[in-house]
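Step one of this worksheet: look at the structure below.
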């Protein structure tokens, strides 16, 4: 019985020690959490909304379509190899990630982005290979470049799959004005 009383006393002491309030010290001192820092962009590079030159007919890997390019001066070989490249299209009342599939022109077609150092090619192709659908100059484009950092095997927390996030979520994550 004396052993049970000793264990009970130790348990009470432990609980009272662990249940200290946040008034017992200053944030960031005495082992208590500090204030949150300012939201940053983690070296993320993003463009303004831009328009692209008039598209021209082109065949890529045997697929006919319309293409144009936008300049991305900070898109480096290192970002191509280790980073993430997100491209968005804006029209009407929305912003849409590429690749974007629709039935514009009465045919199923996709607009995709093909990235190379310092350039992003925008390419629209029909799924039935029956011709092309224009890539209008009235569309606006924005790219977001997320440089690679820590390899996934050594990262303390898993990085989100940015391609599965919508435009607003990515902007909020990196403090980018939409």
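Somewhere in the range 110-119, is a residue outside any strand (DSSP E or B), at pLDDT 95 or above and touching a helix residue (DSSP H, G or I) at 6+ places or on another chain (Cβ under 9 Å)? Yes, the range 110-119 contains at least one residue that is outside any strand (DSSP E or B), at pLDDT 95 or above and touching a helix residue (DSSP H, G or I) at 6+ places or on another chain (Cβ under 9 Å).
Report, by residue number, each residue of the range 117-142 that is in contact (Cβ under 8 Å) with a residue 40 or more places away in the chain and farther than 15 Å from residue 54 by Cα. Residues satisfying the conditions are 117, 118, 119, 125, 126, 129, 131, 142.
Count of the range 95-119 residues, restricted to those that are within 17 Å of the chain's Cα centre (by Cα) and under 21 Å from residue 168 (Cα atoms), is 8.
The values are calculated or read from the model by the stated rules, or taken from the named source; none is laboratory data. If you're wondering where the values come from, they're calculated on a predicted model, not measured in any experiment. Neighbour counts run over all protein chains shown; Cβ positions are idealised from the backbone, glycine included.
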